[in-house]
Amino acid sequence: MIIYEQRRFEDVYETLMPMFHEHWDELGHKGGFNDLVLDIPKYLYLERTKALLVTVAVLDGVMIGYTNSVLGSFNHNANETIATMDAMYVTKKHRNTMSGVGYRLLKFTEKLLQVDFNTKAINFAVNVNYDISEFLTRTGYVHSETTYIKKLGE
């Protein structure tokens, strides 16, 4: 049975590190940075200031998926809290299965964001190398922006 739960980043980041790298390698980050060098102190700071939500999917004691959501005020409406989905990942073996790990993990995360953090919206960027736009549309998200990146100094 798969369990979905909130975890502290401080408690799980070392265990999740191989999955973070697997996720990064899969995405390729077209136009962005080649290497993953997580800013662990920044994530720990976000967690201490209640601006980070980490959720995981756990099967038989092993984490098979995670989300990292960063919370803050919406730049265009300071009265509302918005979450930016920093990352969402499910291991390849557990994707597109009848159990719907990604869907259930996302719905679990959305509920926590809404109920426990009074979040009014989620901003979810989609990487062009692994486009989950169709999945997000089916779960109620609307296409609102297209993001571009340019490395400077090259």
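The values are calculated or read from the model by the stated rules, or taken from the named source; none is laboratory data. This is a predicted model, so every value here is computed, not measured. Because the Cβ atoms are built from the backbone with ideal geometry, glycine has one as well, and the counts that use them run over all protein chains shown.
The residues on offer are T119, T81, and the sole one that is of a type outside the set (A, V, I, L, M, F, W, C), touching a Leu at 6+ places or on another chain (Cβ under 9 Å) and modelled with pLDDT of 95 or more is T119. For the range 120-151, taking the residues that are over 15 Å from the mean Cα position of the chain (by Cα), without any contact (Cβ under 8 Å) to a residue 60 or more places away in the chain and surrounded by 11 or more Cβ atoms within 10 Å (Cβ to Cβ), the one that is farthest from N34 (Cα to Cα) is identified as K120.
Scanning the range 68-119 for residues that are of a type in the set (D, E, K, R) and part of a strand (DSSP E or B) turns up E80, D86. Looking only at residues of the range 1-22 that are of a type in the set (A, V, I, L, M, F, W, C) and within 13 Å of M63 (Cβ to Cβ), we find that the one that is surrounded by the fewest Cβ atoms within 10 Å (Cβ to Cβ) is I3. In the range 48-73, which residue that is of a type in the set (S, T, N, Q) and either within 22 Å of S99 (Cβ to Cβ) or touching a strand residue (DSSP E or B) at 6+ places or on another chain (Cβ under 7 Å) (or both) is surrounded by the fewest Cβ atoms within 10 Å (Cβ to Cβ)? For the range 48-73, the residue satisfying everything is S73.
Residues are listed down the side, and each one gets a yes or a no for (1) part of a helix (DSSP H, G or I); (2) among the charged types (D, E, K, R); (3) touching a Phe, Trp or Tyr at 6+ places or on another chain (Cβ under 9 Å):
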| residue | (1), (2), (3) |
| --- | --- |
| V12 | yes, no, yes |
| L16 | yes, no, yes |
| H29 | no, no, no |
| N34 | no, no, no |
| L38 | no, no, yes |
| Y43 | yes, no, yes |
| K50 | no, yes, yes |
| A57 | no, no, yes |
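Once the range 23-47 is narrowed to residues that are out of contact with any helix residue (DSSP H, G or I) (no Cβ under 7 Å at 6 or more places or on another chain) and surrounded by 15 or more Cβ atoms within 10 Å (Cβ to Cβ), the residue that is nearest to V58 (Cα to Cα) is H23.
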